[in-house]
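Enquirer: Have a look at this one.
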Amino acid sequence: MNRITTPFGFSSTAAEVAHGIDLSGRRAIVTGAASGIGIETARVLASAGAQVTLAVRNTAAGQDVAADITETTGNKDIHVARLDVSERTSVQAFAQAWEGPLHLLVNNAGIMATPELERTPEGWELQFATNHLGHFALAIGLHHALAAADDARIVVVSSSGHLISPVVFDDINFHYRPYDPLVAYGQSKTATVLFAVEATRRWAADGITANALMPGAIATNLQRHTGGLKTPPERRKTPQQGAATSVLLATSPQLEGIGGRYFEDCNEAVPVPDGNGWSSGIAPYALDPANAERLWEESLSLLA
């Protein structure tokens, strides 16, 4: 399996990646599109001609973003719908309300390093529930729409934080081990990569592929629990640069029919056998097919 490389890199912007791409007639959903790289991902997909739905918790903020995207791109086919991926009923309502095919699902929403152990009403640890399980349920709920598109792509925003921890299947929800904010975050982001692996295996025959990515270090409200961005300035990205890899996975002809992989800086990441300082590369456990299948079944049982 050849590693995918592109002409783009660390400093590339989403607009540069999408230059010359025509998404006319294609429909996209971007979760968490009212802030951070979600805004820029949605903006560039809109600028390429896609119909874009901003799936957001705060619909008033989403309407402001939609108006700004229309003003800057000229695309009036921008929609706003409420979605809180940590709320099971919200995910169900969103999926049930969707009509017609769906070509691009960008699982962008997320939380990071909640300082205290928080659980959903179902008892799920909040980072796992938000970053993985809610998006998993969303994709399951929208499978029919993705299959109807014939060549749909799921883009999964993960993180180099996955290098901190594998999915600890015996205690996903921290009932027995001490809660650690970054370990919980790492586990949840490993889960997002494993989702991309198994979704591609199960759904490629339906014309659906999924890939995961590390967007880079971008100063957004994601770091509100960690005291702000700690990354050295020379390793930071603007939101426009941070959205580039998401847009690449959503639009690049090189990714036609390709799934189950993990990208950073607009290129497929290199496997690393250890934590690598949690800075770059992909942990083998995050691409392991057995882990991916186990997580899928475990996720289904949690949602049952």
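The values are calculated or read from the model by the stated rules, or taken from the named source; none is laboratory data. A quick note: this is a predicted structure, and the numbers were derived from the prediction, not measured. Cβ atoms come from the backbone with ideal geometry, glycine included; neighbour counts cover every protein chain shown. Note: accessible area is taken over every heavy atom of the protein model, side chains too, but ligands, DNA and RNA are not part of it. Shrake-Rupley method; radii C 1.70, N 1.55, O 1.52, S 1.80 Å.
Enquirer: Under a Cβ-only charge scheme (Lys and Arg +1, Asp and Glu -1), can you give me the dipole magnitude of the chain about the Cα centre, in debye to the nearest 20?
Expert: For the chain, the charge dipole is close to 340 debye.
Enquirer: Which longest uninterrupted range of the chain lacks any GluC sites (Glu not before Pro) assigned by DSSP to a loop state (not H, G, I, E or B) and surrounded by at most 14 other Cβ atoms within 10 Å?
Expert: 123-255
Enquirer: Give me the percent of accessible area attributable to carbon and sulfur for the chain, probe 1.4 angstrom.
Expert: 52 percent
Enquirer: What's the longest bit of the chain with no exposed trypsin sites (Lys or Arg not before Pro), using DSSP loop states and at most 14 other Cβ atoms within 10 Å as the test?
Expert: Formally, the longest exposed-site-free interval is 77-229.
Enquirer: Can you give me the accessible area per residue for the stretch 1-98, using a 1.4 Å probe, in Å²?
Expert: It amounts to 47 Å² per residue over the stretch 1-98.
Enquirer: Sticking with this one: Calculate how many DSSP beta bridges within the chain are antiparallel, expressed in % of all such bridges and rounded to the nearest 5.
Expert: The antiparallel fraction comes to roughly 10 percent.
Enquirer: Using Cα pairs under 8 angstrom and six or more residues apart, how large is the relative contact order of the chain, in percent?
Expert: Relative contact order here is 21 percent.
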